[in-house]
Amino acid sequence: MENKGFWGTKAGHLTLAFLVIMAAFVLIMAGLAAGSDVLCAAGFLIIVAAMLYSPVEVYILKKK
């Protein structure tokens, strides 16, 4: 069996997705403070991509 580090496991991938979501939240808050719709939209799209990562990986990329 291959020895994987934490970031190579499913828990590591979900932790990375959580960190990306938190960074996108900061981006949205900065966009709201600056009155920039572009920053808010970019943050929203990053959050959607991070939230869809796990289902896409399980049901499409690593389908058995």
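The values are calculated or read from the model by the stated rules, or taken from the named source; none is laboratory data. Remember, it's a predicted structure, so these values are computed and weren't measured experimentally. Here the Cβ is made from the backbone with ideal geometry for all residues, glycine too, and neighbour counts use every protein chain on show. Heavy atoms of the whole protein, side chains included, go into the accessibility calculation; ligands, DNA and RNA do not. Shrake-Rupley method; radii C 1.70, N 1.55, O 1.52, S 1.80 Å.
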Rounded to 10°, Cα long-axis angle of helix 10-34 versus longest principal axis of the chain: 0
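Any idea of the accessible area per residue across the chain, 1.4 Å probe, to the nearest Å²? Write down the numbers at each step before the final one.
Values: 5050 Å² over 64 residues.
With the other protein chains kept in place, the chain gives 79 Å² per residue.
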Taking a point 7 angstrom from the Cα of Leu14 along the C-beta vector, which residues in the range 43-64 have backbone N less than 20 Å away? 47-64
Among (1) 5.0; (2) 4.7; (3) 5.7, find the value of mean projected area of the Cα convex hull in nm² that was calculated from the structure presented, and write down its label. (1)
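With runs of 4+ DSSP H residues as the only contributors, calculate the mean residue ellipticity of the chain at 222 nm using -39,500 (n - 2.57) per run, divided by the residue total and rounded to the nearest 500.
Value at 222 nm, helices only, nearest 500: -24500 deg cm²/dmol.
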Would you mind telling me the share, in percent, of accessible area of the range 3-64 contributed by carbon and sulfur at probe 1.4 angstrom? 76
Give the angle, between 0 and 90 degrees and rounded to the nearest 10, that separates the Cα long axis of helix 37-56 from the longest principal axis of the Cα atoms of the chain. 20
